1. When you go through A:S178, A:S223, A:S241 one by one, which is the residue that is surrounded by fewer than 16 Cβ atoms within 10 Å (Cβ to Cβ) and either at pLDDT below 95 or not assigned by TED's automatic domain parsing to the domain that holds A:V127 (or both)?
2. If we keep just the residues of region B:281-316 that are under 23 Å from A:L275 (Cβ atoms) and assigned to a loop (DSSP other than H, G, I, E, B), which is farthest from the other protein chains (Cβ to nearest Cβ)?
3. Quick one: count up the residues across region A:277-307 that are part of a loop (DSSP other than H, G, I, E, B) and free of Cβ contacts under 8 Å to residues at least 60 places away in the same chain.
4. Please pick out the residue among B:G144, B:G152, B:G83 that is within 14 Å of chain A (Cβ to nearest Cβ), part of a loop (DSSP other than H, G, I, E, B) and touching a residue at least 12 places away in the same chain (Cβ under 8 Å).
5. Among B:V93, B:V61, B:V72, which is the only one that is buried (at least 16 other Cβ atoms within 10 Å of the Cβ) and under 16 Å from the mean Cα position of the chain (by Cα)?
6. Looking at (1) touching a residue at least 24 places away in the same chain (Cβ under 8 Å); (2) within 14 Å of chain A (Cβ to nearest Cβ); (3) small (G, A, S); (4) surrounded by fewer than 15 Cβ atoms within 10 Å (Cβ to Cβ), which one does B:A123 not meet, given that it meets all the others?
7. For region B:34-80, enumerate the residues that are free of Cβ contacts under 8 Å to residues at least 60 places away in the same chain and within 14 Å of chain A (Cβ to nearest Cβ).
8. Does any residue of region B:179-197 turn out to be assigned to a loop (DSSP other than H, G, I, E, B), at pLDDT 95 or above and either touching a helix residue (DSSP H, G or I) at 6+ places or on another chain (Cβ under 8 Å) or within 14 Å of chain A (Cβ to nearest Cβ) (or both)?
Amino acid sequence: MPRRFGLSFSLYSPRLLSCASLVLMLGGFGYMSFSPISAEDKPPIEKSSIIVFKVPSGLPEIIHPADNPITPEKVALGAQLYFDPRLSSDGKVSCASCHDPAKGWSNGEAVATGVNGLKGGRSAPTVLNTAFQVFQFWDGRMNTLEEQALGPIQNPIEMNMTLPEVVKRLNGIPGYKSQFQKVFKTDVTSEGIGKAIAAFERTVLSGDSPYDRFTAGDAKALSPAAERGRDLFFGAARCSSCHSGPNFTDNAFHNIGIGMHHKEPDHGRYASSKLEGDKGAFKTPTLRDIARSAPYMHDGSLKTLEEVVAHYNKGGFPNEYLDEEIFPLKLTKEQIADLVTFMKEGLSSSKYPDVKPPKLP
Amino acid sequence: MIFKNAWLVAVSASLMCAVGFAAEPKTTVVADGIDNPSGLAVQQSTGDIFVAAHTGVYRLVLGAKPTLHKEVGDFATDIYGKGPKYNIGPLGVGMLGDDHLIVADGSNPDEKEVVLVMPVGKAAPKAPHTAKDAAFVLGPIKAGKDSAKGEGNYYGVAVGHHAIFITCNGDDTKGWIAKSELKEHKPGELKPFIATKLATNVDAPVGITFSPDSKHLVVSQMGEMNVPNDSLLTTYNPDDGKSIKIWKTGLHDIAGLAYSPKTGKLYVVDFAWVKTSEGGLFELTVEGDKVTATKVLSLDKPTSLTFGKDGHLYITEFGTSKDNKPAGKIIRVDADL
């Protein structure tokens, strides 16, 4: 059963929201539904309301920051900003360019491509279920989605803007200015941009997969091969050492050997933690809807899930900092196939959030 | 061996702070220069405290001038962490009655690791015992269906009326607490018993003790080393292993827990791997679904704690080594806790 929870809307919802207005505002997000509780439940004096936001089954409740409560207007604004290439210096790169809903909320390439065709050094991580992440970016250098959203805008090889430039540009677009006034009671600010995009991203959820239904008691939700793969995933293949919990990640950093053969390898987490043991360690990504976001690993160096499993099966790439959970697994060809089937079939959501670009102001 | 700095009184700087800040209680270093101490157990008849450290298990004889004597030696060395790295040997200790010491070893590779049950007298032996003198050897738990590469890094020890419980850190998909049933005071085979990772989705059961009424096993889940604030407090039924309650503590890496015999209050030590400056001794207050952690004392990489026969709390800490000299200490908290 879908999990439901209430959200307080005291700041941004001066009137009781109607179902119709929410559906209108959220246009393309068919996978997501908001519905108001009855007027009787609303405090009669305070102008506030509670809405109910469906989280797909198998996922925990979403914790919204106290200073960034979710409202439909804010989510709609965040979606526009997310898809708007005017946030980049050449007007061609939006968040969605590298985190494309049609490509697993990544970009289908080994690394991201920013303004003027410049290539980044790492694969574009999926936006799916970032609502549950403790750390943002492959190296976890930021904690919140609000902070993260402003990073690529300012990165010279991604969107290449300064925050004052982007704020000035958006304030020149009446549709944005009026929405910011409505949502934040201010003109466009960089803080508001971060908050709106983060609020939108917290609605990009992947759950209610065959695995979730199987776990909930539907014995036929997984095919026999996927069920065998599930047993391997949580057993002999040891995937759940790191890909654990409802979002299939321990939210931690591990060195699995990827890229460590380079003369000067990307040190990942070490750059910000400065802990020697974090050299070459990268954040464990979610595996939900993993079939959609190839290629894999922080450098996009593995094209298929079969290649990924082969990497682990041989014990990763040995190096001084290799995680102790990585060692040769001795899986057979049949076991590898079952494991991949589990990830492809078992972890695909029933209602993938294939959000279409909204109309921009 | 008498420590040069024994009875060095550490007065917390916070005593000098403005009114409004809770002063840290006075502490006394009762032993120092120990190489990575990580476990404590009290022999009730003598009041001596056994200390597990990298180089062996020691007997701390308290008194005007505390002395430390090697009780069990000849362990191998394993390394914990990828940087910082710590040399480790036996990690945890516990008492089986008054005359047997349980040594949870971490000095060997997974699958070869064992738990020793050593006979002990009322004073240290003339020459340290070795594993050969063990009355019982529990384990190893070899690679198999329950544990893909075998179990190891045994750490926490809890002894009940009917069984010994040991926290293990081998198979990270399971996070086992192993159990050895006691029959006529003899420990039976050490078997994987509670898969804490499956119960909590968080790694590494480490600290373990019984609730004051002996009904529940109380276990700390240390969590990921490089993730802050993910440590859990959990309880299990010791008979069937079922999870009873899971609390988020907001602490980083709880390595040990102990109830005050006087007040029943629960104290824990947080190693705080990524932010060692935030580590220390905390009191955990449980109210329904909520746990509140209140810092009692700042400590430098604390690893275990126990209440002595004298009622005082004793804590091991790794400390920070200079010139590669062992920097571990045993600290006594002089206040009533």
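The values are calculated or read from the model by the stated rules, or taken from the named source; none is laboratory data. None of the values given here were measured: they were computed from a predicted structure. Glycine also receives a Cβ, built like all others from the backbone with ideal geometry; neighbour counts cover every protein chain displayed.
1. Details: A:S178 fails: either at pLDDT below 95 or not assigned by TED's automatic domain parsing to the domain that holds A:V127 (or both); A:S241 fails: surrounded by fewer than 16 Cβ atoms within 10 Å (Cβ to Cβ).
Step by step, each of A:S178, A:S223, A:S241 is checked, and only A:S223 is surrounded by fewer than 16 Cβ atoms within 10 Å (Cβ to Cβ) and either at pLDDT below 95 or not assigned by TED's automatic domain parsing to the domain that holds A:V127 (or both).
2. Step by step, filter region B:281-316, then rank; the result is B:L299.
3. Residues of region A:277-307 part of a loop (DSSP other than H, G, I, E, B): A:279-280, A:284-289, A:293-295, A:297-301, A:303-304.
Keeping just the survivors that are free of Cβ contacts under 8 Å to residues at least 60 places away in the same chain gives A:279-280, A:284, A:303-304.
Looking only at that region, the number is 5.
4. Numbers: B:G144 fails: touching a residue at least 12 places away in the same chain (Cβ under 8 Å); B:G83 fails: touching a residue at least 12 places away in the same chain (Cβ under 8 Å).
Of the residues listed, the single one that is within 14 Å of chain A (Cβ to nearest Cβ), part of a loop (DSSP other than H, G, I, E, B) and touching a residue at least 12 places away in the same chain (Cβ under 8 Å) is B:G152.
5. Result of the check over B:V93, B:V61, B:V72: B:V93.
6. All conditions are met except number (2).
7. Answer for region B:34-80, where residues must be free of Cβ contacts under 8 Å to residues at least 60 places away in the same chain and within 14 Å of chain A (Cβ to nearest Cβ): just B:I79.
8. In the first step, residues of region B:179-197 are kept if they are assigned to a loop (DSSP other than H, G, I, E, B); the result is B:184-185.
Filter again for at pLDDT 95 or above, leaving none.
No: zero hits.
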